[in-house]
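There's a structure below that I have some questions on.
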There are 2 protein chains.
Amino acid sequence: MGGVNRTRSGAGSDPRSRTRGGPGQAGANLLVVRSHNTALVLDLLRTAGSEGISRLELAERTGLTPQAVSKITARLREEGLAAEAGRRASTGGKRATVLRLVPEAGHAVGVHLDRDELRAVLVDLDGRVVAERRAELDLGAGATAVVGALAETAGELIADGGDALLGVGVAAPGPLDHDHGVLHRVTGFPEWDGFPLRDALAERLGVPVVVDKDTNAAALGLAVGGEGGSFAYLHLGTGLGAGLVIGDSVHRGPRTGAGEFGHQVIQLDGPPCHCGNRGCVEALCLAAVDRAEPAEAARVLGAGAANLAGLLDIDQVLLGGRTIAAAPEIFVRGVAAVLDERARREGALGTTVPVRLVPGGDRTVAEGAAQLLLAPLFGRANG
Amino acid sequence: MGGVNRTRSGAGSDPRSRTRGGPGQAGANLLVVRSHNTALVLDLLRTAGSEGISRLELAERTGLTPQAVSKITARLREEGLAAEAGRRASTGGKRATVLRLVPEAGHAVGVHLDRDELRAVLVDLDGRVVAERRAELDLGAGATAVVGALAETAGELIADGGDALLGVGVAAPGPLDHDHGVLHRVTGFPEWDGFPLRDALAERLGVPVVVDKDTNAAALGLAVGGEGGSFAYLHLGTGLGAGLVIGDSVHRGPRTGAGEFGHQVIQLDGPPCHCGNRGCVEALCLAAVDRAEPAEAARVLGAGAANLAGLLDIDQVLLGGRTIAAAPEIFVRGVAAVLDERARREGALGTTVPVRLVPGGDRTVAEGAAQLLLAPLFGRANG
DNA sequence: CCCACTTTCGCAACGCTGTTGCCAAAGTGC
DNA sequence: GCACTTTGGCAACAGCGTTGCGAAAGTGGG
C-alpha cells in the first residue's frame, strides 16, 4: 500500500529542496519537473472523482505525451495512490482503461479553532469527511488548556486515520503568521499574541502542522472543491473577513495579512469602528444587522465587494458565515444588486460578477483546514 | 552575434508550446526547465548590472549547481547574450570570472499612447533608453490616423534597433483586453471601443506587439526596475488608476480589469462621480485638488490606499502622475500618514507600508511598455 | 468469418536536463 | 616552495519526457 507517505519521504530526500536562502528564486531540476507533473495528474484524477479518467485524456489535459502519462500513472499505481477502475466504451478501437484516485491512500485532519468551539474533521484524499469531532472551547482559558484540548481531539482523529496521515491543518480567527504558524492578536484574547501554535502542536502530536486564517482555509477548501478562477469568499459572522483566491491559489500576502476586508473604509469619517478607525464596512454592516435592516447591511457589504471586484477583477463572490446564513436570500440579492449596477455602468465590457451562497454547511472551515495539507499534493500552492 | 532572436526561434520551434487548449494546466518538460533556468540566470545578470556576477554567485542565488550554471552561461555567451567582464579580487583562491549581460543583444520599443501625445522609446536589454520619439496626438482623430502615427513613430525606432528587436509594447489608457490586445471604452472616445490595436499594429509593423493598460505598464517597469515584493502603483493624473504587482508579477485579472482603483467607493452615497456612482475616490480626490486642498486630496487617496493595503497586504505604495508631481511632498506625507495611523492601530503586527514617489520622470509608462516585451525573457510572467 | 482500420498503451532507444566525480588552473598564506 | 582554497571545466551519469514501433483489443465493411 504505502500510500502517500512514501511519496513524501521521496520528496523529502531531495537534498536541494528548500536549501536556498536569501531572495533568490528557485532553479528547477528534474525532481521539480517530476513532482509538478505528478501533482498535475493527481489533481486531474481527483477532479474526475468516481467517474475516473483515461490515460489519453490525462495526456490531452496536461499537454504531456501519452507515454509520459503512462509512466507517471504507473508510478502512482505502484505507490497505491491510483488504481484502474474499469473500462470505458469503445469509440472505434481498443477500450480505454479508466483510472481513479485511491482516496484511502492518504488522510489529513482539519481543525476549526473558533472562539467558543472546536471542530475537527478527518478527510481522505478526495476531501471527503471520514470522521468528525466537536467540542466546546474557551479561547480565553489559556494556551496550555486550549492546545491540550486541540491535541486530544486531533489525536483521536489521527488514530482513526491509520498510517497514511499527512498532518493537521488548523484554521484560527484573527491575524496570524501562516509561514511560521504563530498567532497574533486574537481579538479579545491578548494572551495569545505571539503564541507559536504550529510548533507547539507539531511537537505534541508528532505530525506536520499548518496554521492559517479561518477565511483563508475556507477559501482554499472552496478552490479545491471546484470553484474555478479567482474569487473572494466573504465571511460575515461576529466579524467580517475575506479569503482571496487569485489564479487558483490563496493569496495571503507576505505577512498573511491579506483579506482584511472588514476594515475597508467605505464611509470617510463615518461612525467609529472598534478597530479605532471610522466608517469600516464591518461596523456599518453589523450596525445595520443590529438595527434589523438586512437589506441595508447587504447594500453596504455589496459596496465593499464591488470595491474588491474592481481592484482585483475577480470572477465570483461567495458569501458565508452565521450572519449571512440568517438571511441568505437578502444578502445574496443585495450584494448582487450592487455588483450588477456596477457592471451596467461599465457597459459592454462589464460582465457582472456572480454572487453565490457558499455551498456546504458549518464544516466549511474545518474541511478547508484539512486542505492545507492535501492541496500541496495536487499542486495547489500553499504559500 | 545572433542575440536574442536565435533564442526566440529556438523556443518557438517547440512543437508543444501553447498547443494545449481548454482549461488544462501545462505539464512541464525539459524545454520548460531549460527556459526557466535560463531566464532566472538572465534576470540575475541583468540585476547585477555593470558590476557583473560570478558563476558561483549565480549558482547560490538560483539553487542550481555551479556546473549547471556553467552550462547555461556557456550557452548564453555563445548566443551573444552574456559575456565575461573581468575578474574579481581573490578571496583566498582562484579569482572569480565576472559575467555580465550584453545589453545590445536585444531591444524593444515601448510606446505610451496618451490622450494628447505619443511617447516612444527604444530600450536595450538592460532597460536603458537608447532612442526616443515624441509626437502630439489626438486620440479622437480616428483609428486610421492614430495607428498610422503610431506605426510611423515606432517604425523609426525599430530602424534604429537593428535586427535584434523583440517587438513593440503599447501602453494605453482606459479599459482594454491585454490578452487579445483589443481596446475598450477609452473614456471620451467611444469610437475606439473594440478596436484590435495589437493585430492592426503587428500586421503593419511585422513585429510582435503587446498592449496593456498604462498603469500596468508603469507597474511592470517599476517591478523590473528593482522594486521588490508586492506593491501598488497609484497614478493620479486626469484620472486615478492603479497598477498592482503581486509576488513579482503584474496582476491584471482575467479581463485585464484589475487596478480599477479610482472608482473604489469610500464615501457611501457621497458626491456623484462621472462614472455614474457616488463617493468614488477619484471624484473626492480630484474635487479636493480642484478646491486647492491637496492635503485633503492626499487624505482621501490615503484612505483608498489603506483599503488596498489591507485587502492585499502589499509591501509598498508608489505614487506617480501629473497631479502628484504638482505637490509631491504633500501627497507622500498625506498618504503615508493614513497608512501609519492604520499600522499603529494594528499594534505590533502592523509594519507600516512605506509610501514613495515613483522614481523616474514622465517616461515611466513608455519604458514600462517596452518591458512588456523584455520582461518575459527574464522570467517575469506576462499574463 | 475475415480483413482492414482505429484506438489504446507499453517497451526500448533516445535526447536533453541538471548532477556528480574528478581534475586543472590560479590564487593565498605560512 | 608547499599546503590549501577557490574557481570552473570535462566526462560520465541518472532521470525526465519524447519518439519509434509494435502488440492488444476493439469496430465495421465485405
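Bear in mind these aren't lab numbers, they're just calculated from the coordinates by the rules spelled out. The model shown is predicted, which means the values in this text are computed figures rather than measured ones. Cβ atoms come from the backbone with ideal geometry, glycine included; neighbour counts cover every protein chain shown.
Of B:Leu268, B:Leu222, B:Leu81, which is the most mobile in a GNM of chain B whose springs link Cα atoms less than 10 angstrom apart?
B:Leu268
Starting from a label point 7 Å past Cα on the Cβ side, list the distances from A:Arg333 to the same position in the other copies, nm, shortest first.
5.2
Oh, and also: Give the Cα extents of the protein assembly as shown along the principal axes, in whole Å, largest first.
Dimensions of the protein assembly as shown along the principal axes of its Cα atoms: 73, 68, 63 Å.
Compute the helix-to-body angle for B:294-312: its Cα long axis versus the longest principal axis of chain B, expressed 0 to 90° and rounded to tens.
The angle comes out at about 50 degrees.
If you don't mind, another one. Nearest 10 degrees is fine. How inclined is helix B:66-78 to the longest principal axis of chain B, computing both from alpha carbons?
The answer is roughly 90 degrees.
May I ask you to derive the relative contact order of chain A, considering only C-alpha pairs under 8 Å and at least 6 residues apart, and to give it as an integer percent?
15
Right, another one. Compute the Cα gyration tensor for the range A:334-379, then decide on rounded, prolate or oblate, letting a ≥ b ≥ c be the square roots of its eigenvalues: rounded whenever a/c is under 1.5, prolate when a/b is larger than b/c in the other cases, and oblate in all that remain.
Since a/c reaches 1.5 but b/c is at least a/b, the shape of the range A:334-379 is classed as oblate.
Does the range B:27-151 come out rounded, prolate or oblate, given a ≥ b ≥ c as the square roots of the eigenvalues of its C-alpha gyration tensor, rounded meaning a/c under 1.5 and, failing that, prolate meaning a/b above b/c?
prolate
Now, a different point. Starting from the Cα coordinates of chain A, work out the convex hull volume and express it per residue in Å³.
170
A further question on this structure: Summarise the long-distance tail of P(r) for the range A:20-99 by giving the % of C-alpha pairs beyond 15 Å.
60
Which one of B:Arg252, B:Arg61, B:Arg333 has the biggest mean-square fluctuation once chain B is modelled by GNM with Cα springs under 10 Å?
Among B:Arg252, B:Arg61, B:Arg333, the largest mean-square fluctuation in the Gaussian network model of chain B belongs to B:Arg61.
Further, regarding this structure: Hey, for A:Glu104 with labels 7 Å out along Cα-Cβ, what do the inter-copy distances come to in nm, ordered shortest first?
7.0
What FRET efficiency, computed as 1/(1 + (r/R0)^6) with R0 = 22 Å and r the Cβ-Cβ distance, is obtained for A:Ala74 and B:Leu31, rounded to the nearest 0.05?
0.40
Let me make sure I get this right: for the range A:219-262, a, b and c are the square roots of the gyration tensor eigenvalues over alpha carbons, sorted descending. Under 1.5 in a/c it's rounded, otherwise prolate if a/b > b/c, else oblate. Which is it?
Oblate, because a/c is 1.5 or more while a/b does not exceed b/c.
Still on this structure: Report the residue, chosen from B:Gly49, B:Gly86, B:Gly239, that carries the largest GNM mean-square fluctuation when chain B is represented by alpha-carbon nodes joined by springs under 10 Å.
B:Gly86
Name the lysines eligible as straight-distance cross-link partners of B:Lys94: C-alpha to C-alpha under 25 Å, and not fewer than 8 places from it in the same chain.
The reachable lysines, counting only those whose Cα sits under 25 Å from B:Lys94, are B:Lys71.
Could you give the Stokes-Einstein D for the range B:228-357 in µm² per second, using the C-alpha Kirkwood radius, 10 °C, 1.306 mPa s?
Using the Kirkwood radius from Cα pairs, D works out to 108 µm²/s.
Once the principal axes of the Cα atoms of the range A:107-218 are found, what is the range along each, listed largest first in whole angstroms?
37, 27, 25
Stretch A:Glu329-A:Ser50 to full length: gain in nm at 0.36 nm per residue minus the Cα-Cα span?
97.2 nm
Helix B:281-290 versus the longest principal axis of chain B: what is the Cα-based angle in degrees, 0 to 90, to the nearest 10?
70
Right, another one. Would you mind telling me the antiparallel percentage of the DSSP bridges in the range B:106-218, rounded to 5?
The antiparallel fraction comes to roughly 65 percent.
At B:Ala89, label 7 Å along Cα→Cβ: distances to the other copies, nm, ascending?
7.9
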